[in-house]
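For reference, the structure discussed in these notes is given below.
The values are calculated or read from the model by the stated rules, or taken from the named source; none is laboratory data. Note that this is a predicted model, so its numbers are computed, not measured. When we count neighbours, we look across all protein chains shown, and the Cβ atoms used for this are built from the backbone with ideal geometry, even at glycine.
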Amino acid sequence: MNLAAATAHGFLSPTGVEIAFLLVGLVTVGAALVTVTTRQLVHAALWLVVALGGLAVEYLLLTAEFIAWVQVLIYVGSVVVLLLFGLMLTKAPIGHSPDADSRNKPAAIAVASAAAAALVWVVVDAFRTTWIDLDGAVQGSTKVSGETLFRHWVLPFEALSVLLLAALVGAIVLSRRKKEEQR
């Protein structure tokens, strides 16, 4: 009976989770597009929250709870707050910013499209023959993710935290320098 249920499910009869995954994915892509096309920096940061939150929901739908919470805590919480603090400390324009607009939109779209196509090609080529072992440990579980993170990715993880700290210190230095020039 279990085999019959598995074979009855096909491409044209998606499950509720697959439909939710598709809908959340569309919202996430839409939010990401608005993030990079809006001319107001604060609105871009808020749309970035929506896009990163959508990724966290996608991770939950893939049963990778640990990665979803890391996404929420680190990216939605820390990175966006750091971005907003950087905007406030450097006194970046809050409303419409003509400096955020560029006349190189066609070139930027061409480069972005080529980079996206190359990225999709590399990812598809890299994982074409990869199979998931369904009898082993769950790949998105906390145990497997933690072992992978602390065995292989400790140095890049710490380097990223130092980079974010340097960005915050740089924003503080820039804001202090402007205050001293005004005196």
task = From (1) part of a loop (DSSP other than H, G, I, E, B); (2) exposed (fewer than 14 other Cβ atoms within 10 Å of the Cβ); (3) of a type outside the set (Ser, Thr, Tyr); (4) at pLDDT below 80, pick out the condition that doesn't hold for residue 128.
result = (4)
message = Name the residue that is farthest from residue 35 (Cα to Cα), counting only residues in the range 58-76 that are modelled with pLDDT under 90 and of a type in the set (Phe, Trp, Tyr).
response = 66
message = Six or more apart or on different chains, Cβ atoms under 8 Å: show the pairs whose first residue is in the range 160-174 and surrounded by 12 or more Cβ atoms within 10 Å (Cβ to Cβ) and whose second is among the small types (Gly, Ala, Ser).
response = 164/78; 167/86; 168/86; 171/86
message = I need the full set of residues from the range 77-114 which are in contact with a strand residue (DSSP E or B) (Cβ under 9 Å, 6 or more places away or on another chain) and either surrounded by 11 or more Cβ atoms within 10 Å (Cβ to Cβ) or at pLDDT 85 or above (or both), in order please.
response = 93, 94, 96, 97, 100
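Out of 60, 55, I need the residue that is touching a residue at least 24 places away in the same chain (Cβ under 8 Å) and within 24 Å of residue 143 (Cα to Cα). Which one? Let's see the steps before the verdict.
Details: 60 fails: touching a residue at least 24 places away in the same chain (Cβ under 8 Å).
After applying the criteria, what remains is 55.
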key: Which numbered condition residue 137 fails, given (1) modelled with pLDDT of 80 or more; (2) in a loop (DSSP other than H, G, I, E, B)   = (1)
task = Taking the options 46, 55, name whichever one is farther than 30 Å from residue 174 by Cα, assigned to a helix (DSSP H, G or I), at pLDDT 85 or above and not small (Gly, Ala, Ser).
result = 55
